[in-house]
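Here's the structure we're looking at; comments come further down.
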Amino acid sequence: MKLHIVSGKGGTGKTTVAAALALALAREGRHVLLTEVEGRQGIAQLFDAPPLPYEERRVASGSGGGEVYALAVDPEAALLEYLEMFYNLRRAGSALKKLGAIDFATTIAPGLRDVLLTGKVMEAATRERRGGGRLYDAVVLDAPPTGRIARFLNVNSEVAGLARMGPVRQQADGVMNLLRSRQTAVHLVTLLEEMPVQETIDAVTELTEVNLPVGSVVVNMVREPLLPPDLLPAIAAGDIDTGELARGLKSAGIDATDSQLSALAGEATDHAGRVMLEQRERELLRELGRPTTELPLLPGGADLAGLYELARHLAEAGLR
Ligand SMILES: Nc1ncnc2c1ncn2[C@@H]1O[C@H](COP(=O)(O)OP(=O)(O)O)[C@@H](O)[C@H]1O
Ligand SMILES: [Mg+2]
């Protein structure tokens, strides 16, 4: 069993990449669980499925009979399950629920919330199949964003520091052991833009500080450069031969006006500037020394067909 944790700045495609990775891993009859913990029902939306209940549902199939199951982990349901499992407190659980105590516990104590969420992910990840062996070959977690990821994953080591023994301590130790093992990899999704790249660099530092294993960097929504690299600096500086531009357009059967020509030149300058900026961000990511995979910007957006295309890229890149 391998646990893939996917983080990234919000909006970089964290949920999309987590889903594509689950599809990529669900090959040759393998069973993969895709989980989310932020109550957004992002997975159900991606797979055009109704909202996920607090139980695993099959949402897609991979190649060769592989299957992707999905689970939206809910802290309240996790707390009830926890009370029942460890303390045989099912009835107490429903009484607490009536009193609103569970809401209280899971919203007032964000640390507790994260303990419950990570605990549930570990429970699913290590669950045994009837007849022996792990139920899932891989678990993919659509995790909180880069700004919170190290704290979220490290919360159990803080709990372990508080509770000296008992089931809470055991569970916390179990989660930290799994997260720090070679079975786990924390992948970081980014765009070739300043802010997400900086957050990626910060997250690598923070994760490394608390001994959590950084996996791959996934650069999402990469656009094909439209201009030859050696011309970029000149074009970015606005040095464009509009006469040549006009001749080129003419040979393509287009008679451009002067204002169209200068608008086009302006766009070329913007494009060249952006590509050069992206090149700098790429260099910063390279310096992290992590395996890096680029995913294309899908013109039609990341619909179901797009997800399978991204999955193919991830499989070819060997992310597993
Ligand atoms: N490679 C891609 N090409 C095109 N659109 C993408 C790609 N990856 C993600 N998207 C789109 O970007 C938006 C944000 O993606 P999402 O996975 O929800 O991000 P996050 O979970 O990081 O907030 C969504 O509309 C999604 O369809
Ligand atoms: Mg998301």
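The values are calculated or read from the model by the stated rules, or taken from the named source; none is laboratory data. Keep in mind it's a predicted model, so treat the numbers as computed, not measured. All Cβ positions, glycine included, derive from the backbone under ideal geometry; neighbour counts span all protein chains shown. Side chains included, ligands, DNA and RNA excluded: accessible areas come from the protein's heavy atoms. Shrake-Rupley method; radii C 1.70, N 1.55, O 1.52, S 1.80 Å.
At a glance:
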| quantity | calculated |
| --- | --- |
| Complete set of residues in region 45-61 that are within 12 Å of ligand 2 (Cβ to nearest atom) and open to solvent by less than 60 Å² (accessible area, probe 1.4 Å) | 46 |
| Tally, over region 124-154, of residues that are modelled with pLDDT of 90 or more and either small (Gly, Ala, Ser) or more than 20 Å from residue 26 (Cα to Cα) (or both) | 15 |
| Restricting region 257-272 to residues that are more than 25 Å from residue 230 (Cβ to Cβ) and not acidic (Asp, Glu), the residue that is nearest to the chain's Cα centre (by Cα) | 260 |
| Restricting region 18-44 to residues that are surrounded by 23 or more Cβ atoms within 10 Å (Cβ to Cβ) and assigned to a loop (DSSP other than H, G, I, E, B), the residue that is nearest to the chain's Cα centre (by Cα) | 37 |
| Subset tally (residues that are under 23 Å from residue 273 (Cα atoms) and open to solvent by 20 Å² or more (accessible area, probe 1.4 Å)) for region 171-200 | 6 |
| In region 1-44, the residues that are away from ligand 2 (no atom under 14 Å from the Cβ) and farther than 25 Å from residue 77 by Cα | 23, 24, 25, 26, 27, 28, 29, 30 |
| Qualifying residue in region 237-249 (condition: farther than 21 Å from residue 1 by Cβ, open to solvent by less than 20 Å² (accessible area, probe 1.4 Å) and among the β-branched types (Val, Ile, Thr)) | no |
| Near pairs, Cβ below 8 angstrom, 6+ apart or cross-chain, from region 277-288 (under 16 Å from residue 195 (Cβ atoms)) to any residue that is exposed (fewer than 15 other Cβ atoms within 10 Å of the Cβ) and acidic (Asp, Glu) | 277/194; 281/194 |
| Enumerated helices (runs of 4 or more DSSP H) restricted to region 139-245, each holding at least 1 residues that are within 27 Å of residue 21 (Cβ to Cβ) and not acidic (Asp, Glu) | 146-162, 167-179, 194-209 |
| Positions within region 33-62 being over 12 Å from residue 16 (Cα atoms), without any contact (Cβ under 8 Å) to a residue 40 or more places away in the chain and within 14 Å of ligand 1 (Cβ to nearest atom), in sequence order | 39, 40, 41 |
| Single residue of 219, 168, 175 found to be among the hydrophobic types (A, V, I, L, M, F, W, C) and in contact with a strand residue (DSSP E or B) (Cβ under 6 Å, 6 or more places away or on another chain) | 219 |
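Here's the yes/no breakdown for (1) within 12 Å of ligand 1 (Cβ to nearest atom); (2) open to solvent by less than 80 Å² (accessible area, probe 1.4 Å); (3) of a type in the set (S, T, N, Q); (4) over 23 Å from residue 25 (Cβ atoms):
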position: 257; (1), (2), (3), (4): no, yes, yes, yes
position: 267; (1), (2), (3), (4): no, no, no, yes
position: 272; (1), (2), (3), (4): no, yes, no, yes
position: 278; (1), (2), (3), (4): no, yes, no, yes
position: 286; (1), (2), (3), (4): no, no, no, yes
position: 292; (1), (2), (3), (4): no, yes, yes, no
position: 304; (1), (2), (3), (4): yes, yes, no, no
position: 313; (1), (2), (3), (4): yes, yes, no, no
position: 317; (1), (2), (3), (4): no, yes, no, no
